[in-house]
Amino acid sequence: MKTTTIEIQGLIEEAIKSSYSYQEYRILVSNLLEQGKSTGQVQSEALTNYSMLNDRRMKRLDKTLKIDPAITESFSKANTNITWLVLTEGWCGDAAHSIPVINKLAELNEGIDLKIISRDDNDDLMNNFLTNGGKSIPKLIAYDTAKQEVLNSWGPRPSIATKMVNDYKEANGSLDPQFKEDLQVWYNKNKGENIAEDLLKLL
């Protein structure tokens, strides 16, 4: 049954109430790792290991990430009043590359309020923002707080990486470990530029 616009608004408003700021989310992930856990409702050694790797990656990006001056200027000057609500989990590799960039961009403009929520704890909302029928994350929902309406959404990957994934799947049927490694290399080389370009178009 299709969810109505009003129902989606309600799900978003409820999600915002139980959301985390970026710093709160980073603390949550770290605290869970100390207990040998990851975020989300499914727990396994593999997911915890991914979370540990991602935690280190995000710490590094928080320290080293630099946004292009032209994009910085555009974000700083934008007249906006929106919530960026991001569905994610600590074990997600794409999220580890994307969310530090999203946070840096949100910090450039007081009119952007970044809120982070668990995908697994917000299943009804996630089901309204699927990618090719799947619950792929991270998924950013740009929400006009005053008008209580969804403006657009982004994710789970920046546009160039999305094309890389789609092209590889078309040629090979599925993503193998080698491609996933190549994708990580691309993320590291791109340094968040494609994510910043994509999100500037959403403003």
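Here are a few things to note about the model shown:
- Bridgeable aspartates and glutamates around LYS147 (alpha carbons under 20 Å apart, same-chain partners fewer than 8 residues away excluded): GLU7, GLU13, GLU14, GLU110, ASP113.
- Accessible surface, per residue, of segment 66-185 when the full set of protein chains is kept, probe 1.4 Å, Å²: 47 Å²
- For the chain, the dipole from Cβ point charges (+1 on Lys and Arg, -1 on Asp and Glu) about the Cα centre works out to 440 debye, to the nearest 20.
- Volume per residue of the C-alpha convex hull in segment 1-101, rounded to whole Å³: 145 Å³
- Along principal axes, Cα extents of segment 87-203, largest first, whole Å: 45, 31, 24
- As a size descriptor, the averaged projected area of the C-alpha convex hull of segment 67-123 was calculated at 4.2 nm².
- Normalised by the number of residues in the chain, the average gap of Cα pairs under 8 Å and 6 or more apart makes the relative contact order 24 percent.
- Per residue of the chain, the DSSP helices (runs of n ≥ 4 H) give a summed -39500 (n - 2.57) that works out to -17500 deg cm²/dmol at 222 nm.
- In loop segments of segment 104-203 as defined by DSSP, the trypsin sites (Lys or Arg not before Pro) with at most 14 further C-beta atoms inside 10 Å of their C-beta are LYS147.
- Unsatisfied cross-links (Cα-Cα over 32 Å) in the set LYS115/LYS180; LYS77/LYS169; LYS169/LYS201; LYS63/LYS180: LYS77/LYS169
- Hydrodynamic radius of the chain per Kirkwood, over alpha carbon pairs, in Å: 17.5 Å
- Coil-residue GluC sites (Glu not before Pro) of segment 56-136, DSSP, other Cβ within 10 Å capped at 13: GLU110
- Element breakdown for the chain at a 1.4 angstrom probe: carbon and sulfur atoms account for 50% of the accessible area.
- Cα-Cα P(r), segment 101-163, percent of pairs per 10 Å interval: 18, 50, 30, 2
- Dividing the mean sequence gap of close Cα pairs (under 8 Å, 6+ apart) by how many residues segment 71-122 holds gives a relative contact order of 53 percent.
The values are calculated or read from the model by the stated rules, or taken from the named source; none is laboratory data. Since the model is a prediction, treat every value here as computed from it, not as a measurement. So basically every Cβ, Gly included, is an ideal-geometry build from the backbone, and we count neighbours across all protein chains shown. Side chains included, ligands, DNA and RNA excluded: accessible areas come from the protein's heavy atoms. Shrake-Rupley method; radii C 1.70, N 1.55, O 1.52, S 1.80 Å.
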